Structure formats: structure tokens, C-alpha cells
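Here's the structure we're looking at; comments come further down.
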Amino acid sequence: MAKNIQSLERAAAMLRLLAGGERRLGLSDIASSLGLAKGTAHGILRTLQHEGFVEQDTASGRYQLGAELLRLGNSYLDVHELRARALVWTDDLARSSGESVHLGVLHQHGVLIVHHVFRPDDSRQVLEVGAMQPLHSTALGKVLSAYDPVAHSEVTEVERRSFTPRTVTDETEFESLLDLIRARGWAADIEETWEGVAAVAAPVHDRRRMPVGAVAVTGAVERVCTGGELRPELIAAVRDCARAVSRDLGAGRF
């Protein structure tokens, strides 16, 4: 029988300790709880920190679980399941809004479109499944950045490119925008990514109330907006759709 790898066993024990104890633990606490020398414990923590599984508070020096674990924890939810749960609701949203509907998930520092319902008219349209959208400027990306710690970490680590004069790139202004999104439960993109295009998006959560994706309505500014603002009925419809998909994923009522 193959032997277990001791370093991996110790790392797993360390993660369980951080998950089950106080929110933050110091090096001495971790080492003594696991019966490890401080040097050994520090080496494992440093590796876990480098991989994003552990974070260290700069003020206190204490350790806590890192955002990368959220990404792994959400991996049980297959993208195909998310798409399957959203099919009926996104079809209904496209029909009621008269606009295109996108379902997106976090992927490689951007938003991966995993489902696209065409605008229900006879216009020529291009299927965007598999396309990538930026995190910082699109409605889908901003919703994920506001609710998903991994997305937030990724969007703040990269240069935020200005696509139009409306794109928010300043860090302080962007963080304030994310606070507003969390407060109201939806995000807007009014010509921040593409001239003449506007969108509104809301987050989708799983049974643990974790963000696993976002749904958006996208269309021409003159149809999606009135007086320079998103139409209230579209905002309500997108939020209702996101809640319905979340309920189908076991999230309960929001």
C-alpha cells in the first residue's frame, strides 16, 4: 500500500484547523495545535499562502483561509448544471424583455459566457457562448467582482483597461462602485464596454449562498435605457431571473 505524503497531510490538517477554529490564528497557535515545529508550520503556511489557500493579515500577522478555496469549493457545481437550471428562466427573460440574455461565470480573469439566448426578433445575431468578457467594465463582470472574493481579487490585481470614456478604471472609484452593486443587488454597464450597448446583471447563488455566476440582459442603449438610466422593469426582470435560477440551485429565497 502506498504511503501517505506527510507534507500534504499536514497541509490538510492546517486548512481544517483554520476552517474550524477562530477566524484568524497565529503561527504559534497553529504549530502547537498540530504538534509541529514553528519552522515546519511556517514553511507549509508560506506554500499555502503562495497558492492562495491561506491569507496572512498584514497588521496582526495571523493567518486565515484564502479566496482560492472558494474557487475549489464551487467546482462541484458543474457549469452544465448551472446552464441546465437557467435554460427556462433565461428563455423567459429574453421573451419578456425582448433583448439578448447572457449567463456568465468567472474564468481566467474574465467572464466566460456559458449560455446565450438570442433577442427574440428576426435580426441577424452571433452566438457568444464561449466568448470572454472583462470583469471590470461589463455588468456580468462587475456583479461577479462585487460578490465573488476570487473575482474581486483578480479584478484588483490587473490593469483595468479603458474601453470607452465611461469605463471606470480608478481603484477607489471602482471599489465604491462595487459597494453600490452589493447594496442594490445588481450591476449596470451603460456604454462602459461597447459604444451604444447597455446591460444590467444580477448574481446567481448556489445552495450555500455562494456566487456561482451571473445573468444579464444586453441591448442597444435606446431600448434598454430611458433618459440615460436603465429601465426599472428590466432591472426587476433580471433580478427575478437570477433569484429563480438560484432557487433551482438550492439557494432558497433571497
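The values are calculated or read from the model by the stated rules, or taken from the named source; none is laboratory data. All figures in this text were calculated on a predicted structure; none of them were measured in a lab. Note: ideal-geometry Cβ built from the backbone for every residue, glycine included; neighbour counts use all protein chains shown. Ligands, DNA and RNA are stripped out before the accessible areas are found, and what is left, the full protein with its side chains, is counted by its heavy atoms. Shrake-Rupley method; radii C 1.70, N 1.55, O 1.52, S 1.80 Å.
Observations
- Number of the exception - residue 88 against (1) within 21 Å of the chain's Cα centre (by Cα); (2) modelled with pLDDT of 90 or more; (3) farther than 25 Å from residue 222 by Cβ: (1)
- Residues that are more than 16 Å from the chain's Cα centre (by Cα) and open to solvent by less than 70 Å² (accessible area, probe 1.4 Å) within the stretch 143-161 comprise just one, 160.
- Selection status of residue 106, modelled with pLDDT of 85 or more and under 28 Å from residue 244 (Cβ atoms): yes
- Count of residues meeting criterion [within 17 Å of the chain's Cα centre (by Cα) and outside any loop (DSSP other than H, G, I, E, B)] in the stretch 98-142: 18
- Cβ-Cβ contacts under 6 Å between residues 6 or more apart (or on different chains), taken from a first residue in the stretch 185-203 that is farther than 17 Å from residue 163 by Cα and part of a loop (DSSP other than H, G, I, E, B) to a second residue that is open to solvent by 20 Å² or more (accessible area, probe 1.4 Å) and of a type outside the set (Lys, Arg), are listed as 186/235.
- Scanning the stretch 172-182 for residues that are open to solvent by 90 Å² or more (accessible area, probe 1.4 Å) and either touching a helix residue (DSSP H, G or I) at 6+ places or on another chain (Cβ under 8 Å) or among the hydrophobic types (A, V, I, L, M, F, W, C) (or both) yields one hit, 182.
- Consider the stretch 128-142 and keep the residues that are among the aliphatic types (A, V, I, L, M) and touching a residue at least 24 places away in the same chain (Cβ under 8 Å). The one that is most open to solvent (accessible area, probe 1.4 Å) is 132.
- Residues of the stretch 87-105 satisfying the condition of being out of contact with any Ser or Thr (no Cβ under 9 Å at 6 or more places or on another chain), touching a residue at least 12 places away in the same chain (Cβ under 8 Å) and more than 21 Å from residue 146 (Cα to Cα): 87, 89, 90, 91, 92, 93, 95, 96, 97, 98
- Residues of the stretch 213-229 classified as in contact (Cβ under 8 Å) with a residue 40 or more places away in the chain and open to solvent by 20 Å² or more (accessible area, probe 1.4 Å), total: 2
- Long-range neighbours under 6 Å by Cβ, at least six apart or interchain, first residue open to solvent by less than 90 Å² (accessible area, probe 1.4 Å) within the stretch 106-127, second among the hydroxyl-bearing types (Ser, Thr, Tyr) and not in a loop (DSSP other than H, G, I, E, B): 117/90; 119/100
- Verdict on residue 169 being open to solvent by 30 Å² or more (accessible area, probe 1.4 Å), more than 22 Å from residue 93 (Cβ to Cβ) and outside any loop (DSSP other than H, G, I, E, B): no
- When every residue of the stretch 47-68 is checked against the conditions, at least one turns out to be at pLDDT below 95, under 30 Å from residue 248 (Cβ atoms) and of a type in the set (D, E, K, R).
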